[in-house]
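Only one structure is covered here, and it is reproduced in the block below.
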Amino acid sequence: MAILGVNIDHVATLREARKTNEPDPVWAAALAELGGADAITIHLREDRRHIQERDLRVLSESVAVPINLELACADEVLIIACDVAPYQATLVPERREEVTTEGGLDVVGAQRKVADAVKRLRDAGIFVSLFLDPDSAQIDIGAELGIQAIELHTGAYALASARHHAQTELETLIAAGKRVRDAGLTLSAGHGLTYRNVMPVAAIEGMRELNIGHSIIARSIMVGLEQAVRDMKRLIS
Ligand code: PXP
């Protein structure tokens, strides 16, 4: 069975919308653990739009399950990652204007830069994964860079599943998953996975880990809102 990494970035997105101290992703991580999260995933973006360095540092002291830190191949965040040394680091592409991580890392185009980042993280004793599109050229080159895992970007499948044309994208993911496993690497996947589309991806042979954020945080607002209103009503009255 695949394990679940709960991405709590969007708890911090809500906090940053007001530049206040709630909701705290550290509190969210504890609740996610109580719910059975096998790992906590956070993305320390260069623009700090959600997760802050303080979150990473406090989480690394307080979370019992492994932390998977997503980061770009950029010096400033690599220094922090190597200093904190979470269990796992996932190298992702970053564009400031994007709403979310819109595609996988281009290891074909930036092999040297990625290899350098991988070496720095590995030297710090961190398990390293690359976030790649389900593309054979990217997987083959990525697999040569001394990494331990590849996380397949499931965005195209997620978009297609919303339009009921997901089978071709699922087959692409299945073939890419086999390529990752044949290279002797751990297979994981994520991006755009929801309560509706997750099951076929979880069933891919050898799937080790799924990283899911937006859909879980979105649902948590809905399932918790009723109680939150009740609590406020009680205080007012
Ligand atoms: N995996 C990686 C590498 C990501 O960058 C993201 C988005 O931050 C996710 C998984 C989770 O995507 P979503 O929030 O759509 O579930």
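For the chain, the relative contact order comes to 18 percent (Cα pairs under 8 Å, sequence separation of at least 6).
Tally the DSSP beta bridges in the stretch 1-143 and give the antiparallel ones as a percent, rounded to 5.
Working: 0 of 15 bridges.
Antiparallel: roughly 0 percent of the beta bridges in the stretch 1-143.
Only alpha carbons enter this Debye calculation for the stretch 140-237, each as an equal point scatterer, and the log10 of I(q)/I(0) it gives at q = 0.12, 0.14, 0.16 Å⁻¹ is -0.49, -0.60, -0.70. Could you list log10 I(q)/I(0) for the chain at q = 0.13, 0.17 Å⁻¹, which the Debye formula gives when each Cα is one point scatterer? Taken in order of the listed q values, log10 I(q)/I(0) reads -0.77, -1.30. Treating only the Cα positions of the stretch 57-115 as identical point scatterers, give the base-10 log of I(q)/I(0) from the Debye formula at each q in 0.13, 0.17, 0.24 Å⁻¹. One equal scatterer on each Cα of the stretch 57-115 leads to -0.40, -0.65, -1.06.
Loop-located GluC sites (Glu not before Pro) across the stretch 110-188 with a Cβ neighbour count of 16 or fewer within 10 Å are E144, with loop assigned by DSSP.
Since every read-out is calculated from the coordinates, none of them should be taken as a lab result. Please read all numbers here as calculations on a predicted model, not as lab measurements. Using ideal geometry, Cβ is built from the backbone for each residue, glycine included, and neighbour counts are taken over all protein chains shown.
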